[in-house]
Ligand code: G
Ligand code: G
Ligand code: NA
Ligand code: MN
């Protein structure tokens, strides 16, 4: 109850912010995109992580308002970077509850138009369970989103309850290899084998593949060897405020 009340206030009193984590091309080394991650700084209790407040937002219905705010803030920030000459994509996490809302595509279209952002630069991150929920509503919503021209990524790929058939059914654009596999890349040969297999599946379907949670040069090396397209992780940069991202982009280009 504290969290729910607090979150309601946070939404109206601007205690929420977005951090952005760079995504790097393993071929060119350039930053090709960023993922937006919600942050909540509570005046008395300090930082409250999204692992705690996203579930509360989902259970209370506040996720609709929160999700709309994240989407708008992220798109407006992305167009600012474009105007500075950095043509990067913006990744936004979408909850299963947003995906089940028939008015979600309209919200996305309106937000893109207001920001003046080309839909091809918005990547919506869904989890496998989002797609496996398999309700008629979410399937229709996803189809409408695709027709707007936005990109769809499967987040935490390989950890969910998955059926690979959704990869063809839903015209997904990118797979994000979950960081639990990357973390075990050196200690467990099966983790490396799974990574190799995910990259092969993705590429054979014409999808790009990004690995999450890269922390060391050795992990990067293994991913490059398996021809992974892009990477995201502390090895490159932590999630950070927009101003720091701008500095990072300028230094790297
Ligand atoms: O940033 P961090 O690693 O603490 O994020 C923890 C979890 O919270 C991740 O699974 C991430 O996907 C989720 N998360 C962060 N921001 C958002 C958001 O804006 N919307 C949704 N639905 N999930 C988010
Ligand atoms: O579930 P999702 O993939 O959206 O979660 C992304 C989260 O992963 C972010 O909250 C971010 O803080 C975290 N993260 C990003 N890079 C790394 C990393 O290199 N190591 C670890 N341990 N966490 C990371
Ligand atoms: Na994500
Ligand atoms: Mn993930």
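See the values below:
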| quantity | calculated |
| --- | --- |
| Flag if residue 56 is more than 9 Å from ligand 1 (Cβ to nearest atom), out of contact with any helix residue (DSSP H, G or I) (no Cβ under 8 Å at 6 or more places or on another chain) and under 24 Å from residue 126 (Cα atoms) | no |
| Considering residues of the stretch 161-187 that are within 14 Å of ligand 3 (Cβ to nearest atom) and under 13 Å from residue 124 (Cα atoms) only, the residue surrounded by the fewest Cβ atoms within 10 Å (Cβ to Cβ) | 174 |
| Residue pairs meeting the criteria (Cβ under 6 Å; at least 6 apart or on separate chains; first free of Cβ contacts under 8 Å to residues at least 40 places away in the same chain, in the stretch 154-174; second assigned to a helix (DSSP H, G or I) and away from ligand 2 (no atom under 16 Å from the Cβ)) | 161/132; 170/142; 171/146 |
| Test: residue in the stretch 133-143 that is touching a residue at least 60 places away in the same chain (Cβ under 8 Å) and away from ligand 2 (no atom under 12 Å from the Cβ) | no |
| So residue 215, is it within 12 Å of ligand 2 (Cβ to nearest atom), within 19 Å of residue 230 (Cβ to Cβ) and not in a helix (DSSP H, G or I) | yes |
| Residue list for the stretch 168-192, restricted to those being more than 21 Å from residue 218 (Cα to Cα), more than 14 Å from ligand 4 (Cβ to nearest atom) and not in a helix (DSSP H, G or I) | 170, 171, 172, 173 |
| Entirely in the stretch 1-71, the strands (runs of 3 or more DSSP E) that have 3 or more residues that are within 30 Å of residue 224 (Cα to Cα) | 16-25, 31-42 |
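This table checks each residue for (1) away from ligand 1 (no atom under 16 Å from the Cβ); (2) closer than 28 Å to residue 80 by Cβ.
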{"position": "163", "(1), (2)": "yes, no"}
{"position": "166", "(1), (2)": "yes, no"}
{"position": "171", "(1), (2)": "yes, no"}
{"position": "177", "(1), (2)": "no, no"}
{"position": "219", "(1), (2)": "yes, no"}
{"position": "224", "(1), (2)": "yes, no"}
{"position": "228", "(1), (2)": "yes, no"}
{"position": "237", "(1), (2)": "no, yes"}
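The rows are residues; the columns are (1) modelled with pLDDT of 90 or more; (2) under 18 Å from the mean Cα position of the chain (by Cα).
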site	(1), (2)
136	no, no
144	yes, no
158	no, yes
161	no, no
178	yes, yes
184	yes, no
188	no, no
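The values are calculated or read from the model by the stated rules, or taken from the named source; none is laboratory data. Remember, predicted model here, so these are calculated numbers, not experimental data. With ideal geometry, Cβ positions are generated from the backbone for all residues, glycine too; neighbour counts draw on all protein chains shown.
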